[in-house]
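*Asks:* Got a structure for you, written out below as structure tokens; questions coming shortly.
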Amino acid sequence: MAIVSEKRFDRKETADAIRKKLKLRCPGIKFSVRTRQLVSGNTTMLIAWTDGPSQKEIQQLTAEFVSSRCEWLTDYWEFGQSTDYVDAEGNVERIIWSADYISVTRRHTHA
């Protein structure tokens with residue numbers, strides 16, 4: 001398989017893609033997806049919602065959008081990680097998202 005194209009998404013495009021996936025996979029749940037540019041230059045995506053799916057489920061749904069990885073034992077960070085998508089013909093599109101970290105917060109309604 002050869003990489004046919006490579007695309008970098010800025011933080012607004014990344015947030016929009018996250019919103020789209022959450023709306024598709026969790027209909028009826030209203031999510032807040034915000035971006036925060038840190039002093040270090042890294043981008044954090046903040047996702048919040050009330051009730052509905054667990055934090056773990058949302059972390060799993062949005063894991064593909066994280067573009068940095070950390071080796072915690074050595075404190076080594078790798079930025080610009082990509083996600084490869086393969087179409088039915090075997091063509092590979094490489095996507096680089098602009099989310100170095102995703103924070104998820106599930107709120108609960110009080111009965």
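The values are calculated or read from the model by the stated rules, or taken from the named source; none is laboratory data. Being a predicted model, the structure only gives us computed values, none of them experimental. Backbone-built Cβ (ideal geometry, glycine too); neighbour counts: all protein chains shown.
*Asks:* Pick from the range 23-51 the residues that are out of contact with any helix residue (DSSP H, G or I) (no Cβ under 7 Å at 6 or more places or on another chain) and buried (at least 16 other Cβ atoms within 10 Å of the Cβ): which of them is farthest from His110 (Cα to Cα)?
*Replies:* Once the filter is applied, the top-ranked residue is Asn42.
*Asks:* Further question: Give the residue that is surrounded by the fewest Cβ atoms within 10 Å (Cβ to Cβ), with candidates limited to residues of the range 62-79 that are closer than 20 Å to Arg8 by Cα and either of a type in the set (Val, Ile, Thr) or modelled with pLDDT of 70 or more (or both).
*Replies:* Here the answer is Ala63.
*Asks:* Just name the residue that is farthest from Ile95 (Cα to Cα) out of those in the range 36-61 that are modelled with pLDDT under 95 and of a type in the set (Ser, Thr, Tyr).
*Replies:* Ser40
*Asks:* Taking the range 80-111, which residues are part of a loop (DSSP other than H, G, I, E, B), surrounded by 14 or more Cβ atoms within 10 Å (Cβ to Cβ) and modelled with pLDDT of 75 or more?
*Replies:* Answer for the range 80-111, where residues must be part of a loop (DSSP other than H, G, I, E, B), surrounded by 14 or more Cβ atoms within 10 Å (Cβ to Cβ) and modelled with pLDDT of 75 or more: Trp97, Ser98, Asp100.
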